[in-house]
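S.K.: Mind looking over this structure? Questions follow.
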Amino acid sequence: MIAQPVEAAARSAPSHLSQLDFSAKLEISSGVAALVAQAVQLVLYTGTAVVLARILTPEAYGLFGIALAVVAFLGIAKDAGMIAPVIQSATLSRPQLDTLFWFTAGGGLLLMLAALLAAPLTGLFYKDARLIPLTQTLALTLFISGLSTPHRALLRRQMRFTVLARCECAAAAAGCAVAIVSAIRGGSYWALVWLYLTTEIVQTLLTVLVSGWLLGWLPGWPRRATGIRPLLRFGGLVIAFDFIGYLNYRFDNLLVGRYLGAAALGFYDKAYQFLLLPINQINGPISGVAQSAMSLAQDAPHLYRASLQRFLLVTTTLGMPLTAFLFAHTDAVVRVAFGPQWLPSVPVFRALAPAAFLMTITASTSWIYFSLGRARRQLPWAIFCTAVTIAAFVGGLHWKVWGVAAALSISRTVLFLPTLIITCSGTPVMWTSLLRTSARPAFAALAAMGVSVMLNASAGAGGLALHAVIFTATYALCWIVVPGGRALLHENFWAPFAERRISS
């Protein structure tokens, strides 16, 4: 049997738990495991970023950023969009998985060859021959990642997020260790390449091993009549969205690298990655759990709404205060973490903060579309948003790196409400419910940020550690003391685990 459906588990839940409570308990358990793993990775990547930033130059980061952006463009199709369809599909057979394995492995090989051929063009376009071997080495990740696509999808479908998280943590630790050793030995931008490549290799190997694919059965040869076409059609839509996402989140790197230079891209990319690293470490695992859980609940509106509220509450409660704190203390954070040579990135940090703040909410839109299988409906709006964002990037180039960062935040702010309204139209979810769920953490984060700004304006207000303690205390106080805060926590996180009888 390929997977144990969660609905079946819910039907066999202990009698003192309702289906809603059991579903919530399963979701929270998966989410906690994923978040703990991401916390470990956050510590690893943040620590590595601090070490590397004091060894490598902004130009080194810029060169790596350009090469990675080129490879990421081809990497849009590396898994053929198969992870989301495998999770969302109601049934999944072994022949389908066999065919998917060879499909994604062959696609990864072709993409790697395309990246190898594109490397000389990259060096010519950016007028820097160093980009050629960088791009060629990173191209290996396209083939390596394609080998584990069905395995990752299967683990997520089975809600085995704890196992998947362990693989990711081990891979991150290996990549970080190799990168630090390389940088200390004078590896320059190659240290960043080894970080990326080592992480991908180790994660692929571990994921394949723990999935049971090699231990339980070897993938058979692909078959023509396996019912894979519906998955491929859905996968095509996912690739289209990944391409749109690339233009939203990578096209700015290409513009800055081409017109402002590698050093400018280094400052921009450092600010972007460090500001969004905590957000991505939260949204990444939560999105995986959310899509799986909401897909299983798509025929039960009350379960669906409860799941969405719970996951959105997690991303906003954790992500919003992180963004607000970094905005309030950008100078100190950059100086302490990276050193004074990175202070030119401070204005970029602050310009990107509004976009990062709103992304903790808009992450939920993709959960809704993909869990309900409505990706085709989202495509026209996503294309429109991407066109607006690219136009903003181009216009922002006039004000150099800061202008590009500000353009991203402005475009995200303008499109925020229309995106929520269009996403929720015709679904079991009201767009206003997304705002209500996010309102409490938003208020608490902004209030704590206001206290931090006032303290910054006071002479002798203390160091960064003291500010962090005061910020956390203010945020928690605002979150809990405002009427309904403790009830909200109990309803979404404590009640599902409480041992209580529910009358029929």
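The values are calculated or read from the model by the stated rules, or taken from the named source; none is laboratory data. What you see is a predicted model; the values in this text were computed from it and never measured. With ideal geometry, Cβ positions are generated from the backbone for all residues, glycine too; neighbour counts draw on all protein chains shown.
S.K.: For the range 334-356, name all the residues that are over 15 Å from LEU464 (Cβ atoms) and crowded, with 16+ Cβ neighbours inside 10 Å.
M.R.: Matches in the range 334-356: TRP342, PRO344, SER345, PRO347, VAL348, ARG350, ALA351, LEU352, ALA353, PRO354, ALA355, ALA356.
S.K.: Among the residues of the range 402-413, are any under 23 Å from GLY62 (Cβ atoms), part of a helix (DSSP H, G or I) and over 22 Å from the mean Cα position of the chain (by Cα)?
M.R.: Checked the range 402-413: at least one residue is under 23 Å from GLY62 (Cβ atoms), part of a helix (DSSP H, G or I) and over 22 Å from the mean Cα position of the chain (by Cα).
S.K.: Does the range 427-456 hold any residues that are touching a residue at least 40 places away in the same chain (Cβ under 8 Å), part of a helix (DSSP H, G or I) and farther than 22 Å from GLY485 by Cβ, and which are they?
M.R.: Correct list: VAL453, ASN456.
S.K.: Another question about this same structure. I need a count of the residues in the range 172-210 that are over 24 Å from LEU155 (Cβ atoms) and among the aliphatic types (A, V, I, L, M).
M.R.: Number of matching residues: 10.
S.K.: Taking the stated definitions as given, is ALA306 in a helix (DSSP H, G or I), of a type outside the set (Ser, Thr, Tyr), more than 24 Å from ALA468 (Cα to Cα) and modelled with pLDDT under 90? If you could, list the steps in order and put the result at the bottom.
M.R.: Working: in a helix (DSSP H, G or I): yes; of a type outside the set (Ser, Thr, Tyr): yes; more than 24 Å from ALA468 (Cα to Cα): yes; modelled with pLDDT under 90: yes.
Criteria met by ALA306.
S.K.: Please tell me if VAL336 is over 19 Å from PRO441 (Cβ atoms) and modelled with pLDDT of 90 or more.
M.R.: Numbers: over 19 Å from PRO441 (Cβ atoms): yes; modelled with pLDDT of 90 or more: no.
So VAL336 fails the test.
S.K.: Here's something else I'd like to know. Report whether or not ARG305 is surrounded by fewer than 19 Cβ atoms within 10 Å (Cβ to Cβ), over 15 Å from SER452 (Cβ atoms) and among the basic types (Lys, Arg).
M.R.: Yes: the conditions hold for ARG305.
S.K.: For the range 386-401, how many residues meet the condition of being free of Cβ contacts under 8 Å to residues at least 60 places away in the same chain and either closer than 20 Å to PRO58 by Cβ or not aliphatic (A, V, I, L, M) (or both)?
M.R.: Residues in the range 386-401 being free of Cβ contacts under 8 Å to residues at least 60 places away in the same chain and either closer than 20 Å to PRO58 by Cβ or not aliphatic (A, V, I, L, M) (or both): 4 in total.
S.K.: Could you figure out which of (1) surrounded by 16 or more Cβ atoms within 10 Å (Cβ to Cβ); (2) within 26 Å of the chain's Cα centre (by Cα); (3) not basic (Lys, Arg) isn't true of LEU109?
M.R.: Unmet for LEU109, out of (1) surrounded by 16 or more Cβ atoms within 10 Å (Cβ to Cβ); (2) within 26 Å of the chain's Cα centre (by Cα); (3) not basic (Lys, Arg): (1).
S.K.: Any chance you could count how many residues in the range 465-488 are surrounded by 14 or more Cβ atoms within 10 Å (Cβ to Cβ) and at pLDDT below 85?
M.R.: Residues meeting the conditions: 5.
S.K.: Same structure again: Considering every residue within the range 258-275, establish whether at least one is under 30 Å from LYS127 (Cα atoms), hydrophobic (A, V, I, L, M, F, W, C) and within 16 Å of the chain's Cα centre (by Cα).
M.R.: yes
S.K.: Under 8 Å between Cβ atoms, which residue pairs at least 6 apart in sequence (or on different chains) link something in the range 361-385 that is closer than 25 Å to ARG310 by Cα with a partner that is of a type in the set (D, E, K, R)?
M.R.: These pairs meet every condition: THR362/ARG412; ILE368/ARG374; TYR369/ARG377.
S.K.: If I ask for residues that are among the small types (Gly, Ala, Ser) and within 17 Å of ALA473 (Cα to Cα), which ones from the range 303-352 would you list?
M.R.: Result: GLY319, ALA324, ALA328.
S.K.: Of the residues TRP381, TRP399, only one is at pLDDT below 90, more than 20 Å from the chain's Cα centre (by Cα), in a helix (DSSP H, G or I) and surrounded by fewer than 22 Cβ atoms within 10 Å (Cβ to Cβ); which?
M.R.: The conditions single out TRP381.
S.K.: Continuing with the same structure: At pLDDT below 90 and closer than 16 Å to LEU192 by Cβ: which single residue out of ALA80, ALA49 fits that description? Steps first, please.
M.R.: On the way: ALA80 fails: closer than 16 Å to LEU192 by Cβ.
Being at pLDDT below 90 and closer than 16 Å to LEU192 by Cβ holds for just one of ALA80, ALA49, which is ALA49.
S.K.: While we're on this one: Quick check on LEU352: is it out of contact with any His (no Cβ under 8 Å at 6 or more places or on another chain), in contact (Cβ under 8 Å) with a residue 60 or more places away in the chain, in a helix (DSSP H, G or I) and under 25 Å from GLY284 (Cα atoms)?
M.R.: Yes.
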